[in-house]
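Down below is the structure, laid out as structure tokens.
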Amino acid sequence: MNSNQTNEYQSSAQETAQFLLDKMGEKPEELLIIGSGLGQLVELLEDRKMLRYADIPHFPVSTVVGHSGELHCGRINGYPLCIMKGRFHLYEGYHPRQVVFPIVAAHACGIKKLLITNAAGGINPGFEVGDIMLIRDHINWMFKNPLIGSDNPLSSYRFPDMSDCYSRKLARQIRDIALQEGIMLREGTYLASTGPNYETMSEIAMMRSMGADAVGMSTVPEVLAASALQLEVLGFSYISNVHRLGADYDTTHEEVIRNARLATKNLLSLFQKRYV
Ligand code: HPA
């Protein structure tokens, strides 16, 4: 991107924000990005307004089956927020800055927090399909970063601290809620690769030895942008399949979508109780 394109990116984000604020009629406090199979979460919203990505100026359009590309805005217990149903992945061919465009636009709308969820493969041998993992930390195995570039619109925050990139404060709140609700919460490190292939056995062994607990193809670019923009982040992986070293199995997209739904009820409870 040259400096004209940088200005264009920034003014596009401003235009998108203005469009969204006009449509919503109020400032959202949070942006929630939901991963594959979790579409039902939008039903939590009262006074829900839906906008298709294709109708939002400058928004990229999602191309993956199971990611429909809709922004839902409304309230939970009076608390205004927006939910992105469908996100943009590097494996679709987007530039990292396109992937994080919604975060930049939502920041321009005034959001303070990013809640992010993803379907992930279990690397930790103790994990089961349907588990929810609170993301405590991540490993960027994508070798791509939306903050790179001297002309980067996010470059005023060039060297963000990552020690609290998943807010310890928000994590404490959610642990308390999980305890009250009797929901088992795993915790761990999310490793992101670009995909779109699932992992080889040797990659699984390597990821395990690196300290990863779950692997997926999203989230890290968005969290990097959120860190640069100084947003508080709360992240969850729901375990849609578990990698077992030496076992005879295939991983399929259909299985990932189907199993993601197993975690929906518990995630719904965790989210809903945050706003009580
Ligand atoms: N690997 C990568 N991404 C994923 C997986 C996986 O096993 N499951 C869901 N998303």
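Scanning region 197-217 for residues that are closer than 29 Å to Leu31 by Cα and either more than 9 Å from the ligand (Cβ to nearest atom) or without any contact (Cβ under 8 Å) to a residue 24 or more places away in the chain (or both) yields Asn197, Gly211, Ala212, Asp213. The C-beta contact set for region 82-105 (first residue within 12 Å of Glu222 (Cβ to Cβ), second residue basic (Lys, Arg), distance under 8 angstrom, 6+ apart or interchain) comprises Leu90/Lys144; Pro96/Lys144; Val99/Arg87; Pro102/Arg87. The residue that is farthest from Leu231 (Cα to Cα), counting only those in region 103-125 that are within 16 Å of the ligand (Cβ to nearest atom) and more than 14 Å from the chain's Cα centre (by Cα), is Pro125. Tell me whether region 151-167 contains one or more residues that are surrounded by 21 or more Cβ atoms within 10 Å (Cβ to Cβ), touching a residue at least 40 places away in the same chain (Cβ under 8 Å), within 15 Å of the chain's Cα centre (by Cα) and within 16 Å of the ligand (Cβ to nearest atom). Looking for residues that are surrounded by 21 or more Cβ atoms within 10 Å (Cβ to Cβ), touching a residue at least 40 places away in the same chain (Cβ under 8 Å), within 15 Å of the chain's Cα centre (by Cα) and within 16 Å of the ligand (Cβ to nearest atom), one finds none in region 151-167, hence no.
Looking only at residues of region 218-276 that are basic (Lys, Arg) and at pLDDT below 80, we find that the one that is nearest to the ligand (Cβ to nearest atom) is Arg258. The number of residues in region 21-44 being modelled with pLDDT of 90 or more and assigned to a loop (DSSP other than H, G, I, E, B) comes to 3.
The values are calculated or read from the model by the stated rules, or taken from the named source; none is laboratory data. What you see is a predicted model; the values in this text were computed from it and never measured. Ideal geometry is used to build each Cβ from the backbone, glycine not excepted, and the neighbour counts take in all protein chains shown.
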